[in-house]
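The values are calculated or read from the model by the stated rules, or taken from the named source; none is laboratory data. What you see is a predicted model, and the numbers here were worked out from it, not measured in a lab. Reconstructed Cβ throughout: ideal geometry from the backbone, glycine too, with neighbour counts over all protein chains shown. Accessible surface areas use protein heavy atoms only, side chains included; no ligands, DNA or RNA. Shrake-Rupley method; radii C 1.70, N 1.55, O 1.52, S 1.80 Å.
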Amino acid sequence: NRVDKIYSYSIWGGNIVEAWICGVCIPLPIMIYYVILINRQGKLRLSKWFEPYSLKQRSQIERDITQKVLSRSSKMCNIVEYNDQKLVYKRYASLYFVACISKDENELLALDIVHMYVEVLDRYFGSVCELDLIFSMHIAHYLLDEVIVAGQLEEPNKRLVLDAVYAADALAENLPPEQLAAQRRR
């Protein structure tokens, strides 16, 4: 059993308000300020901002995060303090997925949200790689928008996220959603 998995959650008014992890109730939703994907060379591959920052601030934050994350060894902790926030990151293949949360948020939940996003990308693309994100940036953004809305976890169910994206693909290609989903699963 992984200790950072969400085992159950409570819904109030359509929003997830608490999660049970290893028998401990943790209030949700977790606030994510931004999500950034960078490769090992320091190139920005995706960024999604949920709080207002000027372009100058965004550039500075992206440079700082790239320097902080890339300079750490693989044996170090995946949580870094940055100003009055925390950076939670995980490396998958050649990409670093970084989420910024406040100091008092639960890091394991943020890591689980990042991992869930990676799993959704992996299922959609069938073993996602950096080139998938480069050439299908709009799909990567759309998947992220289905998972996180306004900096909060919107949909914890990977199947429902993928069904929404398959339905949008079907509309774009004028196919029935079931036919497109069946083609994707092969």
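Of note:
- Residue 75 of a type in the set (D, E, K, R), closer than 21 Å to residue 39 by Cβ and either within 11 Å of the chain's Cα centre (by Cα) or modelled with pLDDT of 90 or more (or both): yes
- Put simply, of 142, 82 the only residue that is aromatic (Phe, Trp, Tyr), touching a helix residue (DSSP H, G or I) at 6+ places or on another chain (Cβ under 9 Å) and more than 15 Å from residue 32 (Cβ to Cβ) is 142.
- Counted as qualifying within the stretch 82-186 are the helices (runs of 4 or more DSSP H) with 1 or more residues that are surrounded by 15 or more Cβ atoms within 10 Å (Cβ to Cβ) and among the small types (Gly, Ala, Ser), namely 107-125, 137-147, 158-173, 177-185.
- Of everything in the stretch 62-81 that is closer than 19 Å to residue 45 by Cβ and among the polar types (S, T, N, Q), the residue that is most open to solvent (accessible area, probe 1.4 Å) is 67.
- The residue pairs whose first member lies in the stretch 150-169 and is in contact (Cβ under 8 Å) with a residue 60 or more places away in the chain, whose second member is among the hydrophobic types (A, V, I, L, M, F, W, C) and part of a helix (DSSP H, G or I), and whose beta carbons are closer than 6 Å, counting only pairs six or more residues apart or on different chains, are 153/113.
- The selection criterion, being open to solvent by 70 Å² or more (accessible area, probe 1.4 Å) and modelled with pLDDT under 95, does not hold for residue 31.
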